[in-house]
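Report on one structure; see the data block that follows.
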Amino acid sequence: QVQLVESGGGMVQPGGSLRLSCAASKVSGGIFSTYVMGWYRQTPGKQRELVAAITSGGVTNIAASVKGRFTISRDNAKTTVDLQMNSLKPEDTAVYYCHALRIGIMNNYDYWGQGTQVTVSS
């Protein structure tokens, strides 16, 4: 079973930057590369929403609310996926979760990290 551990959260002032990292363990680089990796966020009382995702081939999907400010990248050899967040706004405050998804012929494989808090406040 893949384990995902996020790091890099914290508190930052508006306009600042943070870089979140998600490390996947118990998975080889070859298998990791087949996963679609994503970052989601959630605030109290709201549904978890997709922030950014990256396919095995490196194609990215960035939510409109963060496009131009956030970028997602992955390193298959290190089994990590990062989210670079620039020009942060108070509305970016949330718990950010790493997600891994692989669609199999017989089964789907779906894993979540425990989340890391990002707070944007002056």
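The values are calculated or read from the model by the stated rules, or taken from the named source; none is laboratory data. Note that this is a predicted model, so its numbers are computed, not measured. Virtual Cβ from ideal backbone geometry, glycine too; neighbours counted across all protein chains shown. Ligands, DNA and RNA are stripped out before the accessible areas are found, and what is left, the full protein with its side chains, is counted by its heavy atoms. Shrake-Rupley method; radii C 1.70, N 1.55, O 1.52, S 1.80 Å.
Counting Lys and Arg as +1 and Asp and Glu as -1 over every other residue whose Cβ lies under 14 Å from the Cβ of V51, the net charge comes to +2.
Calculated FRET efficiency, K67 to M11, Cβ-Cβ distance, R0 = 30 Å: about 0.80 to the nearest 0.05. Counting only protein heavy atoms and a probe of 1.4 Å, the accessible surface of segment 1-92 is 51% carbon and sulfur. Per 5 Å bin, what percent of the C-alpha pairs of segment 32-95 does each bin hold, from zero upward? For segment 32-95, the binned pair fractions read 4, 18, 28, 23, 16, 9, 3, 0 percent. Normalised per residue, the accessible area of the chain is 53 Å², obtained with a 1.4 Å probe and no contribution from ligands, DNA or RNA.
Lysine pair count for the chain (Cα-Cα distance under 21 Å; residues 8 or more apart in sequence or on different chains): 4.
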